[in-house]
1. Put a dot 7 Å past each Cα toward the Cβ at residue B:33 and residue B:317; how far apart are the dots in nm?
2. Quick one: give the max-minus-min coordinate of the C-alpha atoms of the stretch B:119-203 along each principal axis, largest first, in Å.
3. How far apart, in nanometres, would the label points at residue B:306 and residue A:35 be if each is projected 7 angstrom from Cα along the Cα-to-Cβ direction?
4. With a cut-off of 8 Å between alpha carbons and a minimum separation of six or more residues, what is the relative contact order of chain B in percent?
5. Return the equivalent ellipsoid semi-axes of the stretch B:226-383 as a descending list in whole Å, where each equals the square root of 5 times an eigenvalue of the C-alpha gyration tensor.
6. Semi-axes of the equivalent ellipsoid for chain B, please: Cα gyration tensor eigenvalues, times 5, square-rooted, ordered largest first, whole Å.
7. In whole angstrom, note down how far apart the Cα centers of the stretch B:262-309 and the stretch B:207-246 are.
8. Roughly what angle does helix B:338-350 make with the longest principal axis of chain B, taking Cα atoms, 0 to 90 degrees, to the nearest 10?
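Any read-out appearing in this document is the output of simple, stated calculations on the displayed coordinates, not a laboratory observation. The structure displayed is predicted, hence computed values, not measured ones. Quick reminder, even Gly has a Cβ in these numbers, built from the backbone with ideal geometry, and neighbours come from all protein chains shown.
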């Protein structure tokens, strides 16, 4: 068949959802919004303090214990600098990073802001050399993970 | 010892951005008929069908396998472990046969992502909407995050990623199933736009759709044919969140703990004690160069401390093993099918059917599967000899 005669129908998926965060994440976000604190829960088995807070440690498959507060500074473990606009996703350039906050045993993902990203290679080198960051809170907290971001120390 | 099991038939459609001349069922059927013909069997001989499709949203049809893969009158199982879907389906087929439920199982993996106008926003939906989805997590940023972690640990540079990519894309020009394959130099890769630093456009696997089918059988059916015998398999899972895998006794995010475990199990079954000298070739499910680099120590081909020097050898074509003669997942990555494609390619190699990409005297081959953020890993070792 002539390729021009092949039927190609348009379509789209566009559903609304509501995501149920559960009690542990709900408290994590309430502490973030109301007290500008970042809290996690420690696994009684492997003794890691999981940040962001988890109700259970999936490696040990046991319920996590008491809530503990971590520092508002930390170390970048991994980062990426988004340079290309993908349809439906936020506008670049953006730097993101997994950061281990002081006292935590897992890393939390967020934007790293306040860096000149115009020269992406230079920005990448800088993030290899300057790994310490601090949490900066939003002026208008919504009880969401985007209530804070990281800035280089 | 159970009856040995092997792959007796392989069928693959071409892998390209769009196969708009075929519906999903027609695409799968093309691969299935080729695999059955290769095996010398009629559809009646199939005792069960195991189908693999990863995110439904890539095709825009929910449970597309119901329409395109499942066959009336046959038991059917659907497998989804992301990019490891195809290899997980193969492992399920072997288990089904080992359990005595069938002598012949058809494994079919179908990728229909050519129907999606955009893939990265769909991939964003596989990430945690509570804690992580907001931060532009996609398959590309997921690769970029681990790339910087690996560069930090081992001193890798962008030239390393470009070197691996150049090698794979250039090898794919010998694989007629990779439609539009183009040789790319290190300079080409580095000059291409940055998607998410340090990942460049010409390092990222292209959008590919297509179907792959293999026929798995045991006993006299397998003994009477040119069979790629299954010598060992392993498959393991890991924690979903990448951030929860940073500080752990068993290994961090970039140590590919499930792949290491899968390799150890498969090596034990296959009697492999020195993989670098015993294996003739690898087919790695590594859609990005960093996934390939991380796999070498996890597969026991080098120590973690020697990861960069091993990659240097690979790039210099100095490693004593053939790696991705098909071009690998970097050159064509039909997501749902890609891990089965690695196994199909390894099977073609040890059966001596790999055409222009045939590795001479290939007798023992290893294929990997990777799904999620290296959350799911499989290893499958295929050999020319009956185990």
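1. 3.9
2. 44, 33, 19
3. Those two pseudo-labels are separated by 5.2 nm.
4. 25
5. Sorted largest first and rounded, they come to 24, 16, 15 Å.
6. Equivalent-ellipsoid dimensions as semi-axes: 30, 24, 20 Å.
7. Taking the Cα centre of the stretch B:207-246 as reference, the centre of the stretch B:262-309 is 16 Å away.
8. Approximately 70 degrees, to the nearest 10.
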